[in-house]
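The values are calculated or read from the model by the stated rules, or taken from the named source; none is laboratory data. Just so you know, these numbers come straight off a predicted model, no measurement behind them. In this analysis, Cβ positions are derived from the backbone assuming ideal geometry, glycine residues included, and neighbour counts consider all displayed protein chains. Remember, those area values only see protein heavy atoms, side chains included, never the ligands or the DNA or RNA. Shrake-Rupley method; radii C 1.70, N 1.55, O 1.52, S 1.80 Å.
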Amino acid sequence: MGRRAQQIRETGTLVCSLRVIPYSEDQLRRLAEQVIEKHRDALPNLTDVTVLLPNPQASLRFRQLLLEIAATHNCPALLGPTIDTLPRWVSQQSTSDAPVLSEHQRELMLVEALISHQYLYGQGNPWTLADSLLELFDELGAMHLSLPDTLDPFVEQLASAYGLPKGLPNLDNDSLVGEARLVHSLWQAWHQQMRDAGVIDRHTDHILKLNACQKLFINKHCFYIAGLSNISSAEAQWLNHLLEKQQVVLLLQATALSQPDTEYHPSCVTQNILHRLNVAFEIPEANSENSYGQCLDAIYSDSAIPLRQRAKDCAQNFPQSPVSQKIGIFAASNAEREAQAIDLQVRLWWHEGKRNIGIVTENRRLARRVRALLERSGIELQDAAGWALSTTSAAATLERWLETIEDDFAYQPLMDLLKSPYLLPDQNHEQLLSSVYRFEQGVVLKENVARNINRYRQHLRYRQNRLPADMASDYDDVHLLLDTIESAAAPLLMFVDYTAHSPSDYLSALTSSLESLGLNQSFTDDAAGQRILEELQQMQAATQGSTLQMRWSEFRTWLGRTLERFNFQPPAQSSQVQLMSLGQSVLGQFDGLIIAGCEAEYLPGNAGGSPFFNDGVRQALGLSSHAQKLSEKFHQFRCLLESADTILLTLRREQDGEELVASAWLERLQSFHLLAYNENLIDEKLTHLVNHTNKQVTLATEPLPQPHSANPTARIPPAPSPHSPSPSPSH
């Protein structure tokens, strides 16, 4: 324990400012209670309070809890407090002396540096390499780390981290030196470009603003922070400053570790934060009255005691399984069965009166299918994760238009474009579809023309010449439609070649093309389309001052990466059924919870593996190791297991005949329970319902239909009056 940590502990400040609670406690409720209790005399004025939480979902729930607890103190309304996330709050505290690079600017700048240093990576794709380097540079920046000014000290640092002996012969030819030279050269070139342009990256901006925040607030201002999973050295310095001045209450969650040096354990997240704060703190034991929590601690213990022995001890302490009372598992034969099970379970809970329902998954394809099934059932979701812009209808229309131009107006992408509801919004839609139909039937199919707009026109004239004049005139609007398409394509056609142009020229041509098709107008009226237009504007802004030249294929790569990397967030719904990722579930509490996609591919997934450096080297450089990243996800998973009254875990056992590997976390849970209680956790009732597709979910409160009598009385309808309308197909 450091000297300052010892002083804090002796004065009692640590007990007041830093609190570690077990997983079974609701962090947000505990935090709200502390805010109201500490500032009771100031109610309803909480303007001197700032609460920092990990995500907007937690912020909304915290505000509700705060009002609920304040009402018990005869305070029906509150003035303040400020509730935000740490990065967003810091970004609003002061202005930057230098402009901050956007995501698109960072990417273009690094790709430009890569192209000028092609000798470092040979024939590799600079765009793909830029992804990995930006991820590494982000990690270095987030941890307030830097590389040496010259290459030799960096090579020596890496050699030591790899455990290599000093003075190796032919070091210049060693792969280690190649890796070091690539990373070091690009790091220096990238930062030199930023200095020359007078800009900074977002991590530097965050650090500068954190430092400025230490001088902004007087002693009466108080901060409350919960849900942290990691902190940088700059953030730790800022928190230390607040701890010393007794201006912060930091709430963490953990359970006692059997072996404090264990890396891969949920409580390691809290241990790492305490270590960065240079604070020694005893993590409390689990609540002895919480048998469920104690079972989970035994299941996921880092103890050297074998799993079988831990299971036996658990069964002796708790003869009736506390786990089976809360957790069920559904193992699906394929993805569609899994989605159906989630849909059915949500509707069952809904009809039982459960409203605060959470669905947590890292499998976005599964999330999209579940959303469709539930909306078909009349249940709306709040989708916190959203989905990639590339998967939206607006992006599909844009993609088909570019494919049309690239493939000489091939009929398949062209027909998809022409049938899009986004196309030519100022025209009558029915008339437009009629023209498209005549073009498809009369020219593409009957004339057997597959591409080339001039051939379309030529065969359109052939067809008109063979038809009577009154029928031939019906195809005049098809000529106008082809003229519109050709005119819209003209700005882009000059760029679809192997010549390099500036990205600004490509974007200007694309914008002009979209305006000619009316897509700009249609996208403006569509939520997903608006996001696409915003990103195109951001891409255009990023090209200012750039000397980068790219070919059409590279521009398409850049545009495709943008649509894939940035998300569309659907408009918020009023429903309490929430669909979210694992990271977005932090601090959540639910009546019913589904953790879906519990295959190793998604839970925990690859935890952000990097092609640069192994775990030992990463730790030597001060970066998070693979085990630490897994611990963060494990911590979130462990919190989820005590965040709801009822929990369902779902997975696919196979897909397309291929067996899938289940998550190790789920397998340990299942194996432990089998050893302890000789029964699995499969939800038999749900499995039976899903396997019998004729089952329906109905509300028990709805009246049942009245039974018919055995001998119904025949009833003859009265004769229609003379003035009654006669039946017709329209009726």
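In the range 591-613, the qualifying residues are those that are touching a Leu at 6+ places or on another chain (Cβ under 9 Å) and not in a loop (DSSP other than H, G, I, E, B), and the one that is farthest from ASP131 (Cα to Cα) is GLY592.
Restricting the range 67-90 to residues that are assigned to a loop (DSSP other than H, G, I, E, B) and not hydroxyl-bearing (Ser, Thr, Tyr), the residue that is nearest to ARG40 (Cα to Cα) is HIS73.
Here SER502 passes the criteria (1) open to solvent by 10 Å² or more (accessible area, probe 1.4 Å); (2) in contact with a helix residue (DSSP H, G or I) (Cβ under 9 Å, 6 or more places away or on another chain) except the one numbered (2).
Figure legend. Inter-residue proximity from the range 545-565: first residues under 15 Å from THR128 (Cβ atoms), second residues in a strand (DSSP E or B) and at pLDDT 90 or above, beta-carbon distance below 9 Å, spacing 6+ or different chains. Indicated pairs: MET550/HIS501; THR557/MET550; TRP558/MET550. Under 6 Å by Cβ, and 6 or more places apart or on different chains, what pairs join a residue from the range 312-331 that is small (Gly, Ala, Ser) with one that is open to solvent by 10 Å² or more (accessible area, probe 1.4 Å)? Note: pairs meeting the criteria are ALA315/ALA676; SER321/TYR677; GLY328/ASP683; ALA331/ARG653. Which residues, taken from the range 332-352, are without any contact (Cβ under 8 Å) to a residue 60 or more places away in the chain and either over 13 Å from THR646 (Cα atoms) or of a type in the set (S, T, N, Q) (or both)? GLU336, ALA339, ASP343 - these are the residues of the range 332-352 that are without any contact (Cβ under 8 Å) to a residue 60 or more places away in the chain and either over 13 Å from THR646 (Cα atoms) or of a type in the set (S, T, N, Q) (or both).
Go through (1) open to solvent by 30 Å² or more (accessible area, probe 1.4 Å); (2) at positive phi one by one and return the number of the condition GLY518 breaks. Looking at each condition in turn, GLY518 falls short on (1). Of the residues making up the range 545-563, those that are in contact with a helix residue (DSSP H, G or I) (Cβ under 8 Å, 6 or more places away or on another chain) and farther than 13 Å from LEU398 by Cβ are GLY545, SER546, THR547, LEU548, MET550, TRP552, GLU554, PHE555, THR557, TRP558, ARG561.
Of the residues making up the range 429-437, one or more are of a type outside the set (D, E, K, R), under 44 Å from the mean Cα position of the chain (by Cα), closer than 20 Å to GLN521 by Cα and open to solvent by 80 Å² or more (accessible area, probe 1.4 Å).
Hey, does the range 17-26 have a residue that's assigned to a strand (DSSP E or B), open to solvent by less than 10 Å² (accessible area, probe 1.4 Å) and not aromatic (Phe, Trp, Tyr)? Among the residues of the range 17-26, at least one is assigned to a strand (DSSP E or B), open to solvent by less than 10 Å² (accessible area, probe 1.4 Å) and not aromatic (Phe, Trp, Tyr), which makes the answer yes.
Scan the range 63-104 for residues that are of a type in the set (D, E, K, R) and open to solvent by 40 Å² or more (accessible area, probe 1.4 Å) and jot them down.
Restricting attention to the range 63-104, the residues satisfying the condition of being of a type in the set (D, E, K, R) are 63, 68, 84, 88, 97, 103.
ARG63, GLU68, ARG88, ASP97, GLU103, listed by residue number.
Among the conditions (1) in a helix (DSSP H, G or I); (2) among the acidic types (Asp, Glu); (3) at pLDDT below 90, ASP497 misses just one, which is (1).
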